[in-house]
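S.K.: Take a look at this one; I'll ask things after.
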Amino acid sequence: VQLQASGGGLVPAGGSLRLFCAASGRTISNYVVGWFRQAPGKEREFVAYVSRNGGSTYYADSAKGRFTISRDNAKNTVDLQMNALKPEDTAVYFCATHRGYGGSYTDPAAYTYWGQGTQVTVSS
């Protein structure tokens, strides 16, 4: 499956962005999908994931209450709505599909297919 992440940009602190992850090649409904981010000089970190049917979601503490992950399997897309953005949210954001067996849903090493990333910059 190929993933294309988009929707990043430059926003002031307190602003909002919606990130989009579009899949092609295979139906995304077969996969748990996660969003991760990586800031300069830091390791890639988990942000949120959504179950195959969208009925279950989980967020990193830094994202709880501000970010919402959702999916539309008919459109083969997974979105990340980000509100009340902070300068520390600045990073390249990636969507990815979980390998489907074993491995934590919060561990990037358990994800197989990755999008190319989209830059989010939050100014103070």
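The values are calculated or read from the model by the stated rules, or taken from the named source; none is laboratory data. In this text the structure is predicted, and so the values were computed from the model without any measurement. Here the Cβ is made from the backbone with ideal geometry for all residues, glycine too, and neighbour counts use every protein chain on show. Ligands, DNA and RNA are excluded from the accessible area calculation, which covers all protein heavy atoms including side chains. Shrake-Rupley method; radii C 1.70, N 1.55, O 1.52, S 1.80 Å.
S.K.: Checking Tyr31 against (1) over 22 Å from Thr112 (Cα atoms); (2) of a type in the set (Ser, Thr, Tyr); (3) open to solvent by less than 60 Å² (accessible area, probe 1.4 Å), which single condition isn't satisfied?
M.R.: Of everything listed in (1) over 22 Å from Thr112 (Cα atoms); (2) of a type in the set (Ser, Thr, Tyr); (3) open to solvent by less than 60 Å² (accessible area, probe 1.4 Å), Tyr31 misses just condition (1).
S.K.: Also, I was wondering about something else. So the check is Cβ under 7 Å with 6+ separation or different chains; which pairs have a first residue in segment 38-55 that's without any contact (Cβ under 8 Å) to a residue 24 or more places away in the chain and a second one that's in a strand (DSSP E or B) and small (Gly, Ala, Ser)?
M.R.: Close Cβ pairs (under 7 Å, with a partner that is in a strand (DSSP E or B) and small (Gly, Ala, Ser)) amount to Gly54/Ser70.
S.K.: Against the conditions (1) under 13 Å from Gln119 (Cα atoms); (2) open to solvent by less than 40 Å² (accessible area, probe 1.4 Å), where does Asn76 fall short? Just the number, please.
M.R.: (1)
S.K.: Would you please list the contacts, defined by Cβ atoms under 7 Å and residues six or more apart or on different chains, that run from a residue in segment 79-102 that is without any contact (Cβ under 8 Å) to a residue 24 or more places away in the chain to a residue that is of a type in the set (A, V, I, L, M) and surrounded by fewer than 21 Cβ atoms within 10 Å (Cβ to Cβ)?
M.R.: Once the first residue is without any contact (Cβ under 8 Å) to a residue 24 or more places away in the chain and sits in segment 79-102, its partners that are of a type in the set (A, V, I, L, M) and surrounded by fewer than 21 Cβ atoms within 10 Å (Cβ to Cβ) give Arg99/Ala110.
S.K.: Same structure again: Only residues that are aliphatic (A, V, I, L, M) and either at positive phi or not in a helix (DSSP H, G or I) (or both): list them for segment 1-29, please. Break it down into steps so the answer makes sense when it comes.
M.R.: Here is the first cut: in segment 1-29, the residues aliphatic (A, V, I, L, M) are 1, 3, 5, 10-11, 13, 17, 19, 22-23, 28.
Selection gives Val1, Leu3, Ala5, Leu10, Val11, Ala13, Leu17, Leu19, Ala22, Ala23.
S.K.: Determine which single condition Ser104 fails, assuming it passes every other condition in (1) open to solvent by less than 50 Å² (accessible area, probe 1.4 Å); (2) assigned to a loop (DSSP other than H, G, I, E, B).
M.R.: Failing condition for Ser104: (1).
S.K.: How about segment 1-15: which of its residues are open to solvent by 30 Å² or more (accessible area, probe 1.4 Å) and over 15 Å from the mean Cα position of the chain (by Cα)?
M.R.: Hits for segment 1-15 are Leu10, Pro12, Ala13, Gly14.
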